[in-house]
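Worksheet for the structure shown next.
The values are calculated or read from the model by the stated rules, or taken from the named source; none is laboratory data. Being a predicted model, the structure only gives us computed values, none of them experimental. Backbone-built Cβ (ideal geometry, glycine too); neighbour counts: all protein chains shown. All accessible areas refer to the heavy atoms of the entire protein, side chains included, with ligands and DNA or RNA removed. Shrake-Rupley method; radii C 1.70, N 1.55, O 1.52, S 1.80 Å.
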Amino acid sequence: KPGRSGSAVDVASSLGSRWLYPAWLVLGVLFVPVIEEFLFRSVILNRWAHKWGLRRAVVFSSLLFAFGHRGVIWAFIVGMALSVMYIATRTLVVPIVYHITVNALAEAGDSIFRWAPGASALEGALGAHGVLLGMASFLLGAVPVGLFIIRYWPARDAPIPYSALPCLKRVPPG
């Protein structure tokens, strides 16, 4: 059933070639997280932190991040966690590795339900139980990620990552 989730499997299926799947998989699992982390954490979060403060920047950059993803609520929670990881470690490496891991697990799960022998029968058999399984997975993932966000939420006076860069210094008006 291509086109349902927007995953690499769906893109390859809609183009009519399973050979495109590895290319889309590499793009979606490896390159997109690097680009998104650079854009949302390094550029947007830093710029908005200088403009509105670090905490607001975390929330609003995570909202913007979420609107570009399916599963907006989960993407918002993950965006918050990625922002907090970036602030706590002051490097993009940790959020990039986490983002790659999340994308890889999502694609692996999607692939199992799409291409495995008997997958459509399994998906049909799960029916409403599949929704419950999805909700349980969401909660199991959201609880530790939420606890991480609470534990490492930046203090009011937390330094903005890379705030020493001259190009990011706040210029007084006038």
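Numerical summary
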{"read-out": "Test result for Arg47, basic (Lys, Arg), outside any helix (DSSP H, G or I), out of contact with any Leu (no Cβ under 6 Å at 6 or more places or on another chain) and at pLDDT below 95", "value": "no"}
{"read-out": "Any pair with Cβ under 6 angstrom, 6 or more apart, that starts in the stretch 85-105 at a residue that is on the phi > 0 side of the Ramachandran plot and ends at one that is buried (at least 19 other Cβ atoms within 10 Å of the Cβ)", "value": "Arg90/Pro161"}
{"read-out": "Of residues in the stretch 85-124 being modelled with pLDDT under 65 and hydrophobic (A, V, I, L, M, F, W, C), the one surrounded by the most Cβ atoms within 10 Å (Cβ to Cβ)", "value": "Phe113"}
{"read-out": "Scope the stretch 11-25; condition within 15 Å of Asp110 (Cα to Cα) and either modelled with pLDDT of 85 or more or among the hydrophobic types (A, V, I, L, M, F, W, C) (or both); matching residues", "value": "Val11, Ala12, Trp24, Leu25"}
{"read-out": "Residue count for the stretch 54-84, restricted to those that are of a type in the set (A, V, I, L, M) and either open to solvent by less than 20 Å² (accessible area, probe 1.4 Å) or at positive phi (or both)", "value": "9"}
